[in-house]
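Beneath this line is the structure, given in structure tokens, with notes to follow.
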């Protein structure tokens, strides 16, 4: 929200608001600390900055539903590569998907590489960022992120504590942490993902946290667009790696 500052009035406002603002920020950092502890501690989650994973699930496209399996590599909150096989009503397709932080490509088997359209890149960038935060958590405590309380809400019949997250280079997002366990349960944002520029809601639900490579990591993720479920995925493996080859993230 843009502040409207008129003359000396700002001095009084700062004096009144400074105390509560710092207290809220402190509470939100404590909430992040609880989530990091629940995941296994700062040292363990930090190793997931670079990782590989395996997953499977279902995807909905219009009135059609299919299944997919994927093996992927993630570098920070910017780069990834996925080798995916999808089965949509008996039609099987294999495709390599790559995102290098700015551009994205899809290369179906035995076909030419296709560049991702701009409206898709907007979604990819924000989802990559969200997934990175959900995995590593600690970046939320950095000076570039501003945290504010949203109160308590129910997510999948569980009590959660909400947090608004703002960053100058990212879309504003709302995060909801399970009040009892501390695990991240949901992320929501509004985003322009179509050519007409209209914003729609994107919701990501994280659940069923399991031990993966020493980290208590969510094993299920559900994505809803405008209230409609588009995919339901289950992670079977997440492994931290020291380094990923640069060649993984070039145009396939």
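The values are calculated or read from the model by the stated rules, or taken from the named source; none is laboratory data. What you see is a predicted model, and the numbers here were worked out from it, not measured in a lab. Heads up, the Cβs are rebuilt from the backbone with ideal geometry, glycines too, and the neighbour counts pull from every protein chain shown.
Sub-8 Å Cβ pairs linking a first residue in segment 39-55 that is within 13 Å of residue 81 (Cα to Cα) to a second residue that is part of a helix (DSSP H, G or I), at least 6 apart or interchain, are 51/135, ordered by first then second residue.
Test residue 174 against the criterion of being farther than 30 Å from residue 241 by Cβ, surrounded by fewer than 18 Cβ atoms within 10 Å (Cβ to Cβ) and touching a residue at least 40 places away in the same chain (Cβ under 8 Å), and give yes or no. Against the criterion (farther than 30 Å from residue 241 by Cβ, surrounded by fewer than 18 Cβ atoms within 10 Å (Cβ to Cβ) and touching a residue at least 40 places away in the same chain (Cβ under 8 Å)), residue 174 does not qualify.
Taking residue 182, is it out of contact with any strand residue (DSSP E or B) (no Cβ under 8 Å at 6 or more places or on another chain) and surrounded by fewer than 19 Cβ atoms within 10 Å (Cβ to Cβ)? Please lay out each step first, then the result.
Working: out of contact with any strand residue (DSSP E or B) (no Cβ under 8 Å at 6 or more places or on another chain): yes; surrounded by fewer than 19 Cβ atoms within 10 Å (Cβ to Cβ): no.
Criteria not met by residue 182.
Look at residue 115 and say whether it is in contact (Cβ under 8 Å) with a residue 12 or more places away in the chain and surrounded by fewer than 14 Cβ atoms within 10 Å (Cβ to Cβ). Judged against the criteria, residue 115 is a match. Considered as a group, the residues in segment 58-80 that are part of a strand (DSSP E or B) and within 17 Å of the chain's Cα centre (by Cα) include one that is surrounded by the most Cβ atoms within 10 Å (Cβ to Cβ), and that residue is 80. Where strands (runs of 3 or more DSSP E) sit wholly within segment 96-186, those with at least 3 residues that are in contact with a helix residue (DSSP H, G or I) (Cβ under 7 Å, 6 or more places away or on another chain), at pLDDT 90 or above and more than 30 Å from residue 83 (Cα to Cα) occupy 146-155, 158-166.
Considering 55, 38, 18, 46, the condition of being at pLDDT below 80 and either crowded, with 17+ Cβ neighbours inside 10 Å or not in a strand (DSSP E or B) (or both) is satisfied by 18 alone.
Listed residues 238, 161, 155, 165; which is within 18 Å of residue 54 (Cβ to Cβ), in contact with a strand residue (DSSP E or B) (Cβ under 7 Å, 6 or more places away or on another chain) and crowded, with 17+ Cβ neighbours inside 10 Å?
238
The numbered conditions (1) part of a strand (DSSP E or B); (2) under 15 Å from the mean Cα position of the chain (by Cα); (3) closer than 30 Å to residue 66 by Cβ; (4) touching a residue at least 24 places away in the same chain (Cβ under 8 Å) are all true for residue 220 except (4).
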